[in-house]
Amino acid sequence: MIYKEFQNLKLSALGLGTMRLPVVGAAPDAPIDVERAAEMFAYAIDKGVNYFDTAYGYHDGQSETVTGRILSKYPRDSYYLATKFPGYDLANMDKVEAIFEEQLEKCGVDYFDFYLFHNVYEKNIDSYLDEKYGIMDYLLKQKEAGRIRHLGFSVHGRYDTMKRFLSAYGDEMEFCQIQLNYLDWKLQDAKAKVDLLNEYHIPIWVMEPLRGGKLAELTPADAGRLNVLRPDEGVPAWAFRFLQSVPGVTMVLSGMSNMAQLEDNIATYAEEKPLSDEEWKALMEVTDSMLDILPCTACRYCTAHCPKGLDIPTLLSLYNETRFVNGLITHMAVDAIPEEKRPSACIGCKSCEAVCPQQLEIAGAMSDFVRRLNEPAGL
């Protein structure tokens, strides 16, 4: 197992995420298969994994309890436990003390090694920063009391939202967890977020390294292109090798659902093998082949001609996301936009299309976006 230095700690470079633990049955709220999960934890610990990430809402609230129960069999100083304040739900903003105490009880611990503001994004940032809720003050007091060892945040919001949070709380943030993989390097402009965190000298924690499993398999053509360069490397390993090549990455979390995934990922993290320039270029070409997106350059000519004042470049960016995967995070991002500025407000006048240098069919894209948003969101 590769280890990374974080302050005075040695963290396993691969952490076990507990959002996708094995379950009994196939129902959305199916209970966690505790026996199989415990076997995975035992294997991970035996192979050197020492970082475990959970959250208040994972597995409909089961994850913290099960994670704590399994880890209770091991010495408390042999692992690092992370969880998060569930500010993705605005109803929780005035409950930070009650929730924090509940989390300690559910996990069966006296302190958390790592604690995060969960999912900073456009809809909750005002509340996160609002002093009347006292969230930061409370968490800093818990840190002073030793009940939080290290404080950070996770973010699914856009670059500007992330920068605003850092402007307010950057001095207190010790690490940041972002969605980072070779697809989102371009699709969600994760590169800009990485650059921002490196400017602040904030270590990067990675979530969704395989994009929810989307990068575990590629088309035969794309897989063949990569196999020529690394014949002994499987497709999923390329996603991790990419992350080993990104400056500032300290922790990579993978939400593994079965022993086979765990074994493969741990084998990958037996050594560090960052990409060469040639390999990076090939992987970016694979990324381009996967992206069926509208090539908006954000020149913003369109916004000046929109009678509804829509932020068309931002909407097109979110639309491109739904074209790849119609996920919950994208739905949340749209929900954070005022109703009169959402894609449903487009009247189809095509004034924007008349001035678009890329000749994009924007009105049609907004109509299709609305249709996609009316479909159930995935993870």
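With respect to the stated conditions, residue 304 fails to be at pLDDT 90 or above and of a type outside the set (S, T, N, Q). Based on what the data block shows, is residue 212 of a type outside the set (Phe, Trp, Tyr), farther than 30 Å from residue 278 by Cα and either within 14 Å of the chain's Cα centre (by Cα) or assigned to a loop (DSSP other than H, G, I, E, B) (or both)? No, not satisfied. Listed here are the helices (runs of 4 or more DSSP H) enclosed by segment 40-136 that have at least 2 residues being open to solvent by 40 Å² or more (accessible area, probe 1.4 Å) and not hydrophobic (A, V, I, L, M, F, W, C): 62-71, 96-107.
Restricting 292, 232, 264 to those that are of a type outside the set (Val, Ile, Thr) and either open to solvent by less than 40 Å² (accessible area, probe 1.4 Å) or part of a helix (DSSP H, G or I) (or both) reduces the list to 264. Note on segment 137-149: residues that are in contact with a helix residue (DSSP H, G or I) (Cβ under 8 Å, 6 or more places away or on another chain) and either open to solvent by 40 Å² or more (accessible area, probe 1.4 Å) or of a type in the set (A, V, I, L, M) (or both) amount to 5.
Applying the condition of being touching a Lys or Arg at 6+ places or on another chain (Cβ under 9 Å) and among the charged types (D, E, K, R) to segment 175-192 and asking which residue is most open to solvent (accessible area, probe 1.4 Å) yields 189.
With respect to being open to solvent by 30 Å² or more (accessible area, probe 1.4 Å), on the phi > 0 side of the Ramachandran plot and small (Gly, Ala, Ser), residue 354 falls outside the description.
In the condition set (1) without any contact (Cβ under 8 Å) to a residue 12 or more places away in the chain; (2) at positive phi, residue 220 is compliant with all but (2).
The values are calculated or read from the model by the stated rules, or taken from the named source; none is laboratory data. Just so it is clear, the model here is predicted, and its values are computed rather than measured. Every residue, glycine among them, receives a Cβ derived from its backbone with ideal geometry; neighbour counts consider all protein chains shown. Protein only, heavy atoms only, side chains kept; ligands, DNA and RNA dropped before computing areas. Shrake-Rupley method; radii C 1.70, N 1.55, O 1.52, S 1.80 Å.
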